[in-house]
1. Among the residues that make up region B:169-182, is at least one of them buried (at least 20 other Cβ atoms within 10 Å of the Cβ) and closer than 20 Å to residue B:9 by Cβ?
2. Among the numbered criteria (1) at pLDDT 90 or above; (2) within 30 Å of residue B:229 (Cα to Cα); (3) of a type in the set (A, V, I, L, M, F, W, C), which one does residue B:109 miss?
3. Only residues that are part of a loop (DSSP other than H, G, I, E, B) and closer than 16 Å to residue A:91 by Cβ: list them for region A:139-161, please.
4. Hey, could you check region A:66-111 for residues that are within 7 Å of another protein chain (Cβ to nearest Cβ) and in contact with a Gly (Cβ under 6 Å, 6 or more places away or on another chain) and say which is surrounded by the most Cβ atoms within 10 Å (Cβ to Cβ)?
5. Does residue B:229 qualify as being in contact with a helix residue (DSSP H, G or I) (Cβ under 8 Å, 6 or more places away or on another chain), modelled with pLDDT of 85 or more, under 30 Å from residue B:107 (Cα atoms) and outside any helix (DSSP H, G or I)?
6. Among the residues of region B:38-50, write down those that are surrounded by 14 or more Cβ atoms within 10 Å (Cβ to Cβ) and under 36 Å from the mean Cα position of the chain (by Cα).
7. Right, residue B:34: polar (S, T, N, Q) and either surrounded by fewer than 15 Cβ atoms within 10 Å (Cβ to Cβ) or outside the structural domain of residue B:92 (by TED's automatic domain parsing) (or both) or not?
8. Restricted to region B:354-378, and to residues that are in contact with an Asp or Glu (Cβ under 7 Å, 6 or more places away or on another chain) and surrounded by fewer than 20 Cβ atoms within 10 Å (Cβ to Cβ), which residue is modelled with the highest pLDDT?
Amino acid sequence: MPTAADIVDLRRLLNERFPQAHSRAAASASLPAVPTGVPPLDALLGGGLPRGEVTELVGDGPGSGTAQVLHALIRQTALSGQFLALIDGADSLDVDPIDDETLTRLLWVRCPSASMALKAVDILLRDRNFPLVVLDLKLNPATELRGIRASVWPRLDRLREHQGTTLLVITPQPLVSGVAVRVRLSRQLDLSMTREDAGKILWQLHFELERHGASQASPSAKRVA
Amino acid sequence: MFAVIHLPDFSLQAVLRHEPELWTQSVALVEGGTHPPRLCARTESAARTGVSVPMTPTQAQARCPDLIIRTRSASQEASATDALIQCAYGFTPLVEQTRPGILTLDLGALAELKGADKEQFHVWAARLASALTGHQFRPRIGMGPTPNLAQHAAHWGPPIQIVEQPELFLRQLPVAALHPSSDVATLFSKWGIQTVGELLDLGQAEVTERIGLEAFALFAAASPKATRPLRWVRLPERFEEQYPFDPPLETAEQLLFLLRRWIDQFSQRLEGIGLVAGGLSLRWQLEDGTTGQRLLPLPHPTAQADILFRLLQTFLETLRTDAPLTGVSLALEPARPVHHQFSLFEAAIKDPHQLQETLGRLSALLGPDRVGTPMRQDRHHPDCFVLTPPHFEQAPVPLPSNGSRLPRPLPFRRLRPASMARVETGQAPLASLPEPPHALASPSVSGPIRFSLGPWRQSGEWWENGGWQREEWDVETHRGITCRLVRTAEGWVVTGILD
């Protein structure tokens with residue numbers, strides 16, 4: 001079993017041998033962030049989703065709040081005058097709470113399965129018209145997600161990198177290999193919250209930063225509830 | 001200065017434009033309206049085997065067993081004429097359609113040819129010939145100080161001929177260039193008159209005395225100063241090609257090859273006259289007699305061949321027919337180029353054509369009703385929307401909320417289709433109140449219900465077959481999963497899960 005000291009030595013050796021691989025993470029840290037419209041999440045990430053990178057949002061179980069984050073991001077993107085492409089792996093977007101003006105800035109791709117969703121994101125990442133793409137696999141069954149090969153993510157990352165697209169992947173469990181940023185949501189929303197305003201609920205979501213390739217996040221903001 | 005474009009055997013050229021590889025083979029064109037049908041044109045390769053006009057196809061095939069027969073087509077000749085005129089318009093706006101396959105161009109107003117010498121005229125004519133060759137034509141070009149001289153130059157001599165000395169040029173032409181009647185031509189042949197110069201040397205008076213009034217027309221045509229007014233033709237803005245498949249086509253490769261050639265030609269024609277394409281229309285005929293059509297609009301008018309072809313290719317990837325193709329036609333809707341000023345402070349679509357292609361590919365992958373921008377329908381039923389093609393250029397930017405808005409409801413994760421459920425209801429505290437659900441069993445959520453809120457009753461469209469009615473409950477199971485239960489006339493369903 002390798003010790004922590006061995007791992008540190010290995011990382012230092014890799015940094016010396018392949019400096020350009022690490023400079024990419026440093027370069028991305030200097031890029032501005034994409035605000036999500038969720039204040040605690042933006043504070044945790046140092047302004048928002050790292051622009052031009054992949055972020056994985058893991059929602060532990062139902063009621064974790066990933067749908068709240070998704071809707072906040074859709075609204076924030078529209079307020080910024082941008083467009084968002086949503087690849088909905090299980091066709092689960094709730095359209096009713098979104099106002100009409102915000103909907104006009106959304107491209108919704110309704111997929112019947114995770115495999116179709118991955119094909120759709122492959123097509124969309126080749127299009128330079130969408131600086132922000134969201135792949136929502138939260139409601140896809142575990143059997144479908146287990147069928148996703150690990151080689152899919154590096155390939156999508158190369159496509160995304162070519163266009164400089166910011167990609168957010170929403171999953172029920174850690175899935176994306178080599179992701180730059182992984183944030184875990186673990187708060188369970190309960191029935192009493194359904195009577196509250198959606199904007200106030202965002203402050204009650206529980207975020208935990210598991211992995212960050214850039215060092216922009218403040219050290220004390222590792223966990224925000 | 002005038003130029004004449006002459007396409008020899010125009011009817012044959014109109015047909016072989018779509019199959020230029022056949023020019024090197026023995027091909028004959030059959031006139032469809034005659035009985036028995038007779039040949040009206042043939043390639044040089046067919047002529048060498050002894051095939052001639054006006055043989056019947058049977059006679060021709062007896063001389064050349066490998067002869068390929070094609071039928072003369074008025075629609076293809078019309079398309080070829082449009083292409084020819086559009087190509088000529090790219091060089092000068094003063095164009096006359098003298099006869100089918102023959103155009104006369106007035107070059108007097110062209111600044112680039114003012115004071116030009118023979119070499120410059122030749123370069124200009126070579127450019128014109130190259131443009132026509134790009135449209136699969138085989139042109140002959142003549143240039144001269146009068147339309148008649150230019151026409152003679154186009155008919156007789158090298159493929160590109162510039163007339164510098166009209167009198168000398170006319171004298172060496174064959175007497176047939178003056179189009180004498182058959183009797184007069186026979187007479188000239190007996191006299192040994194072979195060139196126009198020999199005819200002129202006889203003198204008009206003597207020739208008139210012998211052949212009559214026709215001599216006036218012949219000597220007028222032989223005059224280097226004879227000219228005539230030209231009747232300009234309007235620029236045709238029709239871009240359409242059609243082609244019959246015999247035998248019927250079963251695979252897409254040959255169709256794509258043909259469509260690509262047409263698109264390249266359309267693109268050149270459009271650029272030559274300063275227009276762009278606003279959309280494409282593809283029509284096809286099947287062996288079982290049915291027809292189909294598809295309109296393919298472009299988000300931004302363009303003349304780029306790659307974009308136009310990708311639009312067709314993306315559609316053809318999804319096209320399935322029950323029978324082989326017996327014919328196809330492609331029409332293009334011309335438009336003026338659009339100049340768009342983007343806003344400074346709002347994001348704009350960088351590449352509308354790429355977006356169109358992306359949407360086409362997504363629709364081909366998932367279906368046309370699975371990709372788009374949701375637009376709420378004017379109904380009170382929840383989750384009622386349609387997907388429309390995105391129009392991001394016209395999308396408004398929402399204004400930030402100033403705090404006075406109504407509270408936003410919490411979004412759920414919808415289950416589409418809704419999950420059928422079996423619900424056990426408990427006892428209501430009062431007989432007049434509805435019975436709350438206390439246990440739930442469905443493929444998505446199951447278990448005892450810990451808390452419930454509701455019901456919220458909704459109904460609508462009562463004027464249509466009784467309308468719809470539903471009763472909504474928000475419930476939390478013992479495992480802490482909050483979901484939305486709906487009871488309708490058909491029973492209970494789970495429509496969403498809070499996440």
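1. no
2. That leaves (1) as the condition not met.
3. A:139, A:140, A:141 - these are the residues of region A:139-161 that are part of a loop (DSSP other than H, G, I, E, B) and closer than 16 Å to residue A:91 by Cβ.
4. So, considering only residues that are within 7 Å of another protein chain (Cβ to nearest Cβ) and in contact with a Gly (Cβ under 6 Å, 6 or more places away or on another chain), the one surrounded by the most Cβ atoms within 10 Å (Cβ to Cβ) is A:111.
5. Spelling it out, it is not the case that residue B:229 is in contact with a helix residue (DSSP H, G or I) (Cβ under 8 Å, 6 or more places away or on another chain), modelled with pLDDT of 85 or more, under 30 Å from residue B:107 (Cα atoms) and outside any helix (DSSP H, G or I).
6. B:38, B:39, B:40, B:41, B:42, B:43, B:45, B:46, B:47
7. yes
8. B:376
The values are calculated or read from the model by the stated rules, or taken from the named source; none is laboratory data. What you see is a predicted model; the values in this text were computed from it and never measured. Neighbour counts are summed over all protein chains in view; Cβ atoms, including those assigned to glycine, are modelled from backbone coordinates with ideal geometry.
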